[in-house]
Amino acid sequence: MTKTKVANLSQMYTKYLNLVQAVRSLPSFPSLDAVESRMLNTFAAAWHDEKQITVLEAMVMLPEISTTTAHRRLKMLRKKGMIDLNLDAHDNRVKYVVPTKATHQYFAQLGQCMEKAQEAA
């Protein structure tokens, strides 16, 4: 990779970070802490691959976070309207973590930040 390309990519990423920070300060943007944000990003990758995530799987997806902390954050994400829980069709003891409309809007806004950063570079 050439020096110029590295510099351009670095500028684009910095622009993206600045745009995300600006968007996150908007009152309409959900207030998420670092753990909640990381959990959502991890879930998004699994959802993109059309994987269903059980609550138990969600609680261990980030090994550096205790299951107790993960469970609390799942409850907060649900309270904030960023995830919902769907019962398994065959076993009511199993619940799946699913994205909400707010989650799709959240990632759409972040995607717009990426587009703007790319246009600016």
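A few remarks follow.
- The range 1-43 - residue that is among the polar types (S, T, N, Q), part of a helix (DSSP H, G or I) and over 13 Å from the mean Cα position of the chain (by Cα) and, of those, farthest from Glu115 (Cα to Cα): Thr4
- Candidates Thr103, Thr54 - the one that is among the β-branched types (Val, Ile, Thr) and out of contact with any helix residue (DSSP H, G or I) (no Cβ under 9 Å at 6 or more places or on another chain): Thr54
- Selection of the range 57-67 for residues being touching a helix residue (DSSP H, G or I) at 6+ places or on another chain (Cβ under 8 Å) and within 15 Å of Leu87 (Cα to Cα) yields only Ala58.
- In the condition set (1) in a helix (DSSP H, G or I); (2) of a type in the set (A, V, I, L, M, F, W, C); (3) within 30 Å of Ala120 (Cα to Cα), Leu74 is compliant with all but (3).
- Residue count for the range 68-90, restricted to those that are surrounded by 12 or more Cβ atoms within 10 Å (Cβ to Cβ) and of a type in the set (Ser, Thr, Tyr): 1
- Residues considered: Ala89, Ala46. Of these, the only one that is assigned to a helix (DSSP H, G or I) and among the small types (Gly, Ala, Ser) is Ala46.
- Residue match in the range 35-52 (condition: over 30 Å from Leu9 (Cα atoms), modelled with pLDDT of 95 or more and polar (S, T, N, Q)): yes
- Residue match in the range 7-16 (condition: modelled with pLDDT of 95 or more and among the small types (Gly, Ala, Ser)): no
The values are calculated or read from the model by the stated rules, or taken from the named source; none is laboratory data. Treat the numbers as computed from the prediction; the structure is a model and nothing was measured. Here Cβ is always computed from backbone atoms with ideal geometry, including for glycine, and neighbour counts include all displayed protein chains.
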